[in-house]
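Everything below concerns the one structure shown next.
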Amino acid sequence: MKTLQLFIFCISTLYFTQNIRFVYQVQMKTDSTQRDQVKSELANLDIDKTNSVFYAAKAILRDSIMEANEKSRIGYLTEEQVKMMISNIGYRINKNYRKQDISFISAVAGDNFIYNELKPFNWKITTETKKIGAYNTQKATTQYGGRDWEIWFTTEVPFQDGPYKFCGLPGLIVKAEDSKGDYQFELVEARKISDIYKAPSPWKQIVKVKKEEYNKVYKRFIEDPVAFLPPPPVNVNGTTVNPNTNATKVFKDKVTSEIRHYNNPIELN
């Protein structure tokens with residue numbers, strides 16, 4: 001028994017003295033009209049002693065490509081680079097453990113927004129348990145964002161954190177899935193890192209808003225993305241340049257069609 005207690009103590013000490021990256025497989029059905037299409041990619045939860053950040057794993061590759069292009073003074077991205085950078089996780093979530101505060105950062109039509117939430121989850125912990133991968137887990141449920149969530153957490157990893165905004169349970173969240181099967185997060189890897197992810201400074205200032213204000217902007221963008229496109233250029237004499245009308249219409253139709261396929265967000269309300 002003493003040997004087991006010493007082993008658990010050593011594991012806990014390792015976690016608390018290191019920066020850790022937990023990698024989650026994220027599955028998403030972003031289009032409610034095509035529920036057989038599941039988008040899948042990896043996301044990282046980086047944790048240090050006081051904070052965590054959850055973000056698309058592709059963000060690291062994107063930052064590397066952008067930095068390399070800037071150093072070489074290349075003013076464009078290749079088609080292959082764009083494909084490598086595309087992600088369906090267009091947000092970043094920071095959690096401050098001391099303040100128990102969650103910050104949501106995202107861009108809408110080129111503008112950067114941030115809003116904060118304080119302890120938004122009302123957890124119901126059940127007695128149901130099961131093993132997921134290498135972890136012994138326990139079930140908890142909550143309602144959030146218009147969805148019913150089933151969560152499996154483990155007390156074997158001493159972090160009260162998890163993917164997306166989820167946090168506040170007595171251990172790390174190993175798996176999270178909503179009742180409709182639209183969104184799922186599952187832990188696939190954990191490793192030590194030298195430092196947690198820090199996003200590069202945005203080229204536009206981040207605007208701090210209330211969550212309700214962000215939701216209104218996002219809703220308007222989904223309903224009418226063309227309204228957020230930049231206006232046509234203006235001639236020196238002040239008249240508007242007359243672009244190719246047909247080409248403009250094709251472009252606007254394409255933008256509208258693509259964005260409207262994102263009609264099933266993780267937070268329905």
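Scanning the range 107-117 for residues that are at pLDDT below 95, open to solvent by 40 Å² or more (accessible area, probe 1.4 Å) and assigned to a strand (DSSP E or B) yields a total of 2.
Do you know which of the residues in the range 58-106 that are assigned to a strand (DSSP E or B) and without any contact (Cβ under 8 Å) to a residue 40 or more places away in the chain is surrounded by the fewest Cβ atoms within 10 Å (Cβ to Cβ)? Top of the filtered list is Asp101. Within the range 174-194, is even one residue closer than 21 Å to Thr50 by Cα, in a loop (DSSP other than H, G, I, E, B) and among the charged types (D, E, K, R)? The answer is no; no qualifying residue exists. In the range 148-177, of all residues being within 19 Å of Ala56 (Cβ to Cβ) and aromatic (Phe, Trp, Tyr), the one that is farthest from the chain's Cα centre (by Cα) corresponds to Phe166. Scanning the range 120-140 for any residue that is of a type in the set (D, E, K, R) and closer than 30 Å to Ala227 by Cα turns up nothing. Entry remark, the range 133-155: residues being without any contact (Cβ under 8 Å) to a residue 40 or more places away in the chain and either touching a helix residue (DSSP H, G or I) at 6+ places or on another chain (Cβ under 9 Å) or outside any strand (DSSP E or B) (or both) number 2 in total.
Scanning the range 118-155 for residues that are surrounded by fewer than 16 Cβ atoms within 10 Å (Cβ to Cβ), modelled with pLDDT of 95 or more and charged (D, E, K, R) returns Lys124, Glu128, Lys130, Lys131, Asp148.
Tell me the residue from Val217, Val250 that is part of a helix (DSSP H, G or I) and at pLDDT below 85, please.
After ruling out the rest, the residue left standing is Val250.
Determine if the range 159-175 includes at least one residue that is β-branched (Val, Ile, Thr), more than 19 Å from Asn269 (Cβ to Cβ) and open to solvent by 30 Å² or more (accessible area, probe 1.4 Å). No: the range 159-175 contains no residue that is β-branched (Val, Ile, Thr), more than 19 Å from Asn269 (Cβ to Cβ) and open to solvent by 30 Å² or more (accessible area, probe 1.4 Å). For the residues Ile105, Ile125, Ile132, the requirement of being within 18 Å of the chain's Cα centre (by Cα) and of a type in the set (Val, Ile, Thr) singles out Ile105.
With the requirement that a residue be farther than 24 Å from Arg35 by Cα and of a type in the set (A, V, I, L, M, F, W, C), what does the range 167-187 give you? It would help to see each step written out before you state the result.
Going through the range 167-187, the residues farther than 24 Å from Arg35 by Cα turn out to be 167-174.
Result: Cys167, Leu169, Leu172, Ile173, Val174.
Looking at the range 34-57, which of its residues are of a type in the set (Gly, Ala, Ser) and part of a strand (DSSP E or B)? Residues satisfying the conditions are Ser40, Ala43, Ser52, Ala56. If a residue has to be farther than 20 Å from Glu67 by Cβ and either hydroxyl-bearing (Ser, Thr, Tyr) or out of contact with any strand residue (DSSP E or B) (no Cβ under 9 Å at 6 or more places or on another chain) (or both) to count, how many in the range 201-214 make the cut? So the answer is 1.
The values are calculated or read from the model by the stated rules, or taken from the named source; none is laboratory data. Just so it is clear, the model here is predicted, and its values are computed rather than measured. FYI the Cβ positions are ideal-geometry reconstructions off the backbone, even for glycines, and counts take in every protein chain you see. Calculation scope for accessible area: heavy atoms of the full protein, side chains included, ligands and nucleic acids excluded. Shrake-Rupley method; radii C 1.70, N 1.55, O 1.52, S 1.80 Å.
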